[in-house]
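Every number here is computed from the coordinates shown, using simple stated rules; none is lab data. Since the model is a prediction, treat every value here as computed from it, not as a measurement. Every residue, glycine among them, receives a Cβ derived from its backbone with ideal geometry; neighbour counts consider all protein chains shown.
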Amino acid sequence: MSTTGTRATGELTAPSPTAARTYEDVPAPRASGRARNHRRLGAHLVGDGIDVAVHASRAERVDLCLIDVAEDGALRERRYRLRGPVSGIWHGHVPGVRAGQRYGFRVHGHWDPAAGLLHNPAKLLLDPYARALAGGVELVPAIYAHAVDDALRPVEGFVRDDRDSAPFVPHGVVVHDGVPSGGPRPRVPWPDTVIYEAHVRGLTMRLPGVPAELRGTYAGLAHPATVAHLRRLGVTTVELLPIHAAMSEPFLTQKGLSNYWGYNTLAFFAPEPGYATRAARLGGPEAVLAEVKHMVAALHAAGIEVLLDVVYNHTCEAGVEGPTLSLRGLDNTGYYLHDGAHPGQLVDVTGCGNSLDFRRTRVVQLALDSLRYWVSEVGVDGFRFDLAVTLGRNGAEFTPYHPFLVAMATDPVLAETKLVAEPWDLGPGGWRTGQFPDPMADWNDRFRNAVRGFWLADAGAQAKGHAGRDLRELATRLSGSADLFGLGEVPGGRGPLASINYVTAHDGFTLADLVAYDHKHNEANLEDNRDGSDDNRSWNHGVEGPVRRDSPFAVVLPLRRRSLRNLLATLLLSAGTPMLTAGDELGRTQHGNNNAYCQDNEISWVDWRLQPWREDLLATTAYLLRLRREHRVLRPTRFASGRPVAGDDVADLGWFDAAGQPMTPQQWHDPHHRVLQMLRSGFRFGDADALLVLNGSLDQQEVALPHGRGCDYELVWDSSWERPDFSRLSSDSEPFSLVASPGERVELEALSMRLYLTGPVAGTAEAATAARPAAQPASSPAAEPSTSPAAAPAPGGGRVGRPAPLAD
């Protein structure tokens, strides 16, 4: 959410000059009736008014505050004392309230910071269940429950502040209870899923064909020009960075920056109004919500799913010295994770100042109710959970059997959605890739590291005369990461599709920057380039940063482009569920910024100006996705065993060296061995066999294709091709140039890869395998490499990328 103020019309304005007034506690009448169902939290239209319920277990009194805005912008407040508490819940019915009414809560109780009790009725608190918001956060001392100076630092003694925060904080807005929206769901099966991570604002801010007034909005994402690109590309599922209403961190606001990514949630049910069109904002909160629903429905109509990146691990209230906007004032120790020995101290396992305590029933309920709302009423198809380990912690320890995770897996609404974990946080034992329960999938950082390492970091090391890593890790990732996803409650684990494979994401270098920068360049973040990771596993090919086509160093540009294609193809042709980051298919750059979370500008927005090489990259990405879509052999649903399935005489997965012979233990462990062939049988799918050939050396390599089932191989893609239609042009002039026989030697360019397909294999083994126990996942090549004799080293060829001025 914007950190500027908002008038009653919804129009964004500069911060209000209104001076904070001292809060006055006036007698409030009791709510005239009880809520029909006090366990239904939030504000809902019922009969002649609204039912309200809020959790504040340690409060002594809770007032519902109805906010009316005068024509001059002044606030008038009507207060009603809620009934309760009943199991920590305060509730009531207030007649005469209609949709559009602003509201909030004031909570009375003890002020004892050492005990974690921070009740302060001077602070108007946002309903955690508010489904729409009016107004924004203004960064003034009055929004802090404790007294602060002009620099927003606590004054000595951490005393309670008596200034009224109502003019400076967002208010909840009563809305009609919605009906299911979003249209018929595409329900894309996991084997067909290709995820596209995008930012609502950044995707369309510069997109030609989208009217200026729609750019950077929910409506812009739903525009036919945006949808046409997604369909042309061939992605099935858009994963949106957070669209829950959020607030920028005070230190960013003080620097004139904002939290562009939105990982700082203010309201878990309300959409971020800053992404709505001006017309929707002027139309009011219900118009904003309607625009979000229209976006989802438009994407569904195009057959595209919508996942939301959600942040339930922390809130925007930050550490103990942060502002008091909602949960902190309602029930600080009931919502946030605290130090058991010192209840006034927060335990931070997120790196964001606070962590929600998922041992608490109301925290679990809040998250589950929010998820169900976005599915049932907005129509989204699933979620990606930021720092998901926090959601599975019983205090310090993570368990995949945490009640919240079990509840999601068994909930009749959520179990049919796509659930994706970012499987780490910053707490003890925080790295948990592969350990989340079915039906969740996990972001696979091991895949990212292995692919970057093989094509970039190792190549850069070779260019400096050093050895890279051996092939075991890469092969394990190519084949679906059985070491991570092959275990679980059922034999075979969750399977390869539970691995969300990615090479880039919103944080870190873009794909184009991975091949152009060795070092981060985050100066625009105003932290002296200290922020952002230094473990990028990138390679600038000899020259840091952009290279002009008329530069003496332009020789590196084709090499950089080939590296881009290698990274993309490895992502899209490996076993697992691929995730692309928006703009990578276009060669988008952030100019070396690998932590652009606070850059709401051209650094982060997708650049749609397509030079010829970017057109080629887009065509290549779409072509690779079409190959994946048309060939089931490229989308295995179970781990390979390394043995033939019933009825086949070729192993479901085989590994071969440059001589076309099975890999030996020595070769698996040799960091100088840089050629690998992966042959996957298509028999089970009634599809072609697929042969992926990778040359990670700086030399041209002569490679003998493996015997397989004795069929000819057709070359369908080579990363040395600038465009995929090069294959058609080659075959027109040399009809047999793309066909190779088993055992035939072919020349692979340095740092390149190829995909070969055979003709479709007759028959299918699906029926035969259905009656047999599921095969155990094939172990990592590091554990069970082939014991066949090693072949003689293949001869070398031309060199690329020595430690001389090279690069993209």
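Would you calculate a helix-derived [θ] at 222 nm for the chain, using -39,500 (n - 2.57) for each DSSP H run of n ≥ 4 and dividing by the full residue count, to the nearest 500?
-5500 deg cm²/dmol
Count of lysine pairs in the chain with Cα atoms under 27 Å apart, counting only pairs 8 or more residues apart in sequence or on different chains?
4
Does region 16-149 come out rounded, prolate or oblate, given a ≥ b ≥ c as the square roots of the eigenvalues of its C-alpha gyration tensor, rounded meaning a/c under 1.5 and, failing that, prolate meaning a/b above b/c?
Taking the square roots of the gyration eigenvalues as a ≥ b ≥ c, region 16-149 is oblate.
List the extent of the Cα atoms of region 240-359 along each of their three principal axes, largest first, rounded to whole Å.
Here the spans come out as 54, 33, 23 Å, largest first.
Just to be sure I understand the model, the point goes 7 Å from the Cα along the line to the Cβ. What's the resulting E24 to V86 distance in nm?
3.4
What number do you get for region 145-251 when its Cα radius of gyration is normalised by 2.2 N^0.38 Å, N = residues?
That works out to 1.64 for region 145-251.
Suppose R0 equals 41 Å; then what is the FRET efficiency for A619 and N529 from their Cβ-Cβ distance, rounded to the nearest 0.05?
The value I calculate is 0.70.
With r defined as the distance between the Cβ atoms of H669 and D411 and R0 fixed at 41 Å, what FRET efficiency is calculated, to the nearest 0.05?
Here the calculated transfer efficiency is 0.35.
Computed over the Cα atoms of the chain, what is the ratio Rg over Rh, Rh following Kirkwood?
Rounded to two decimals, Rg over Rh is 1.01.
Within region 312-353, which residues have the backbone N less than 15 Å from the label spot 7 Å out from F251 along Cα→beta-carbon, could you tell me?
Answer for region 312-353: 317-323, 350-353.
Using r as the Cβ-Cβ distance of N449 and S32, and R0 as 56 Å, what FRET efficiency do you calculate, to the nearest 0.05?
Plugging the Cβ-Cβ distance into 1/(1 + (r/R0)^6) gives 0.35.
Within the chain, what percent of beta bridges assigned by DSSP are antiparallel, to the nearest 5?
75
Can you put Y517, Y623 in order of Cβ neighbours within 10 angstrom, beginning with the fewest?
Working: Y517 27, Y623 20.
Exposure proxy ranking, most exposed first: Y623, Y517.
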